[in-house]
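First comes the structure, then the notes that go with it.
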Amino acid sequence: MIAESPTKKATYYEELRGKGYSRRDFMKFCTMITAYMGLQSSGVAQVAEALKNKPRVPVIWLHFQECTCCSESFIRSSHPIVADIILDKISLDYTETLMAAAGHQAEAAMQKTMKDYHGEYVLCVEGSVPAGADGVYCMIGGKTSMDILHEAAEGAKAIICWGSCASNGCVQAAKPNPTKATPIHKIIKGKPIIKVPGCPPIGEVMAGVLVHLITFGTIPALDGIGRPKAFYSKRVHDSCYRRPYYDAGMFVETFDDENAKRGYCLYKVGCKGPSTYNACGVMRWNNGVSYPIQSGHGCFGCSEESFWDNGPIYARQANAGLFGIEANADKIGMVALGVTAAGIAAHAVATNLRKHKIVEDLISEGKQGEKELKEQ
């Protein structure tokens with residue numbers, strides 16, 4: 001590995017070459033991550049230039065009330081460079097889950113990063129913060145997570161909320177919310193905050209957010225509730241391969257019926273895809289192999305606020321806030337089926353009429369031929 005001098009920090013590209021990756025590997029990674037970020041092909045050069053010339057961005061990664069699924073998703077990204085370069089270098093700053101140091105050494109690493117890179121480091125937070133009982137539900141090294149968050153956020157350039165726990169409280173904040181679990185944006189003010197919700201978010205989405213910060217030095221364009229538009233601008237419903245079945249009114253009624261085996265739409269068994277914004281259907285998990293709907297389970301809207309309190313997971317949404325042709329899925333389904341049935345009947349009638357006409361023509365031709373033979 002290329003060592004960092006006190007005056008010059010190694011760039012991402014230098015770290016990459018030091019780990020044995022070729023320039024070809026590097027460019028393949030830049031192309032992949034640019035596509036995931038939703039940039040034009042010309043953006044590949046910008047990403048490559050930034051990773052070749054910019055030194056590593058210091059990152060502090062905190063863990064509070066969560067299950068670590070966000071970290072698990074990130075380190076299982078489909079491209080090894082995500083973990084080997086970005087995450088490996090992150091671990092040299094501070095992250096309880098992956099860093100080698102522990103105890104006082106770990107605390108010293110975080111304090112050093114906050115001091116040496118004040119105003120330059122990125123703060124990543126995984127998990128909600130308990131505001132109840134003076135914060136005793138989540139303490140690290142004798143400090144409450146609330147105190148740790150305020151201390152780390154003070155000198156941060158930007159804050160990234162990994163997963164639904166940090167973005168909206170997730171299941172910890174479900175009623176009655178005994179620990180008073182609180183998302184980061186309700187605690188920290190005056191700092192750029194990027195929400196990357198999901199339970200967990202997709203690893204490539206997480207990598208894309210970090211690479212955008214590295215490349216452009218700014219946070220990506222966000223939607224109305226603070227999520228990157230590149231990954232949260234379309235509904236799961238819009239990219240779902242089962243969408244044609246929804247439009248045709250062909251639904252799974254129970255998970256063990258014949259319609260489930262045929263891969264019909266899961267809306268009636270609780271799929272929240274029509275009201276959930278995420279890139280699941282496009283990017284997927286596990287090297288792009290699958291996502292919940294493809295595995296036969298409906299989306300339960302984990303990237304949306306209060307998804308845990310939005311009714312039973314396996315009950316369809318009677319009013320999903322849809323519009324146009326989707327205003328009432330059941331009605332549209334019945335109409336679609338009615339139109340289909342009518343179409344089948346009409347087709348059958350038309351076919352029979354055509355057949356009848358053909359038979360009549362053949363009989364007529366036969367009689368004409370018989371007449372001509374007699375005349376000869």
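Observations
- Among residues of the stretch 137-180, those that are under 13 Å from GLU305 (Cβ atoms) and outside any helix (DSSP H, G or I), counted: 3
- Taking the criterion of being β-branched (Val, Ile, Thr) and within 25 Å of PHE300 (Cβ to Cβ), the only residue of the stretch 214-234 that qualifies is ILE225.
- Candidates in the stretch 67-80 are the residues that are surrounded by fewer than 18 Cβ atoms within 10 Å (Cβ to Cβ) and under 22 Å from MET146 (Cβ atoms); of these, the one that is modelled with the highest pLDDT is CYS67.
- Whichever residue in the stretch 268-303 is under 11 Å from the mean Cα position of the chain (by Cα) and in a loop (DSSP other than H, G, I, E, B) and, among such residues, is farthest from ARG227 (Cα to Cα): TYR291
- Here is the figure for the stretch 269-303: residues that are without any contact (Cβ under 8 Å) to a residue 60 or more places away in the chain and of a type outside the set (A, V, I, L, M) total 19.
- Test for GLU120: is it closer than 16 Å to PRO58 by Cα, surrounded by fewer than 24 Cβ atoms within 10 Å (Cβ to Cβ), charged (D, E, K, R) and at pLDDT 95 or above: no
- Checking VAL211 against (1) surrounded by fewer than 23 Cβ atoms within 10 Å (Cβ to Cβ); (2) touching a residue at least 40 places away in the same chain (Cβ under 8 Å); (3) more than 20 Å from CYS302 (Cβ to Cβ), the condition it does not meet: (1)
This table checks each residue for (1) in the same structural domain as TYR137 (by TED's automatic domain parsing); (2) in contact with a Leu (Cβ under 8 Å, 6 or more places away or on another chain); (3) buried (at least 22 other Cβ atoms within 10 Å of the Cβ).
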{"site": "LYS175", "(1), (2), (3)": "yes, no, no"}
{"site": "THR179", "(1), (2), (3)": "yes, no, no"}
{"site": "ILE187", "(1), (2), (3)": "yes, yes, no"}
{"site": "MET206", "(1), (2), (3)": "yes, no, yes"}
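- Scanning the stretch 23-66 for residues that are assigned to a loop (DSSP other than H, G, I, E, B) and modelled with pLDDT of 90 or more gives PHE64, GLU66.
- Checked against the criterion of being at pLDDT 75 or above and more than 18 Å from LEU210 (Cα to Cα), the stretch 86-103 contains one or more residues that satisfy it.
- Boolean, THR7 is modelled with pLDDT of 85 or more, surrounded by fewer than 18 Cβ atoms within 10 Å (Cβ to Cβ) and polar (S, T, N, Q): no
- Any hit, the stretch 113-123, residues being farther than 14 Å from CYS199 by Cα and either outside the structural domain of TRP61 (by TED's automatic domain parsing) or touching a Ser or Thr at 6+ places or on another chain (Cβ under 8 Å) (or both): yes
- Of all residues assigned to the stretch 190-201, at least one qualifies as being on the phi > 0 side of the Ramachandran plot, assigned to a loop (DSSP other than H, G, I, E, B) and crowded, with 18+ Cβ neighbours inside 10 Å.
- Top-ranked residue in the stretch 110-152 [being in contact with a Leu (Cβ under 8 Å, 6 or more places away or on another chain) and among the hydrophobic types (A, V, I, L, M, F, W, C); ranked as nearest to LEU213 (Cα to Cα)]: VAL122
The values are calculated or read from the model by the stated rules, or taken from the named source; none is laboratory data. Keep in mind that what you see is a predicted model, and the values were worked out from it rather than measured. Glycine gets a Cβ as well: all are built from the backbone with ideal geometry, and neighbour counts include every protein chain shown.
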